[in-house]
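The values are calculated or read from the model by the stated rules, or taken from the named source; none is laboratory data. Model, not experiment: these values are computed from the prediction. Note: ideal-geometry Cβ built from the backbone for every residue, glycine included; neighbour counts use all protein chains shown. Ligands, DNA and RNA are excluded from the accessible area calculation, which covers all protein heavy atoms including side chains. Shrake-Rupley method; radii C 1.70, N 1.55, O 1.52, S 1.80 Å.
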Amino acid sequence: MQAGSKLPEVTFHTRVRDESVGGPNPFRWEDKTTADYFAGKRVVLFALPGAFTPTCSTYQLPGYEKGFGDFAALGIDAIYCLAVNDSFVMNQWAKAQGLENVAVIPDGSGEFTRRVGMLVRKDNLGFGLRSWRYAAVVNDGVVEAWFEEPGLMDNCPDDPYGVSSPETVLGWLREAGKEQAA
């Protein structure tokens, strides 16, 4: 993907809380499309190898969560975290992280990740197919800026992190804002 690319249209299978379901697990299935998440909004999307993994849980997701106000001040309407995990896992991770500002997107089958060219094998870690780490600024479904970690490959022995960090994306937004103001 690169600036100017349109995100692929896919359907994400999500679980949403619905008290009318009743019982100890009041959730129901709700399909959401790429358009549901991205149409008419300027958002930051970041993707990572997996929920509950160390770098993702310690740095990347908390950084975006804590920085939401800074992103919003620069014209970002929403921040989404995507992983090749099912909705059950993503919802529990969001709960465990105490998320209030970042919404999670479950790409359980990896279809979106495959179509943006970021699906990689992580069999060396016992993960199977997962997302390469990246971030993007997306405006109405079109990529405005793309931040991909270096070394994209199957079974990468490392887990590069920095290019897709909240600090990097925030820096880009600040610079882009200065250019627009000039």
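Some values worked out for this structure:
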quantity	calculated
Verdict on Val142 being touching a residue at least 12 places away in the same chain (Cβ under 8 Å), closer than 20 Å to Lys66 by Cβ and either open to solvent by less than 60 Å² (accessible area, probe 1.4 Å) or not charged (D, E, K, R) (or both)	no
Tally, over the range 60-105, of residues that are in a helix (DSSP H, G or I) and under 22 Å from Gly126 (Cβ atoms)	9
Residues (within 19 Å of Ala3 (Cα to Cα) and either open to solvent by less than 60 Å² (accessible area, probe 1.4 Å) or in contact (Cβ under 8 Å) with a residue 60 or more places away in the chain (or both)) located in the range 163-177	Val163, Ser164, Ser165, Pro166, Thr168, Val169, Leu170, Gly171, Leu173, Arg174, Ala176, Gly177
Residue that is farthest from Ile76 (Cα to Cα), among those in the range 124-140 that are of a type outside the set (Val, Ile, Thr) and within 14 Å of the chain's Cα centre (by Cα)	Arg130
Some residue of the range 42-57 being at pLDDT below 95 and loosely packed, with under 12 Cβ neighbours inside 10 Å	yes
Flag for Gly108 being surrounded by 16 or more Cβ atoms within 10 Å (Cβ to Cβ), touching a Phe, Trp or Tyr at 6+ places or on another chain (Cβ under 9 Å) and assigned to a loop (DSSP other than H, G, I, E, B)	yes
Some residue of the range 36-51 being farther than 23 Å from Asp140 by Cβ and among the hydrophobic types (A, V, I, L, M, F, W, C)	yes
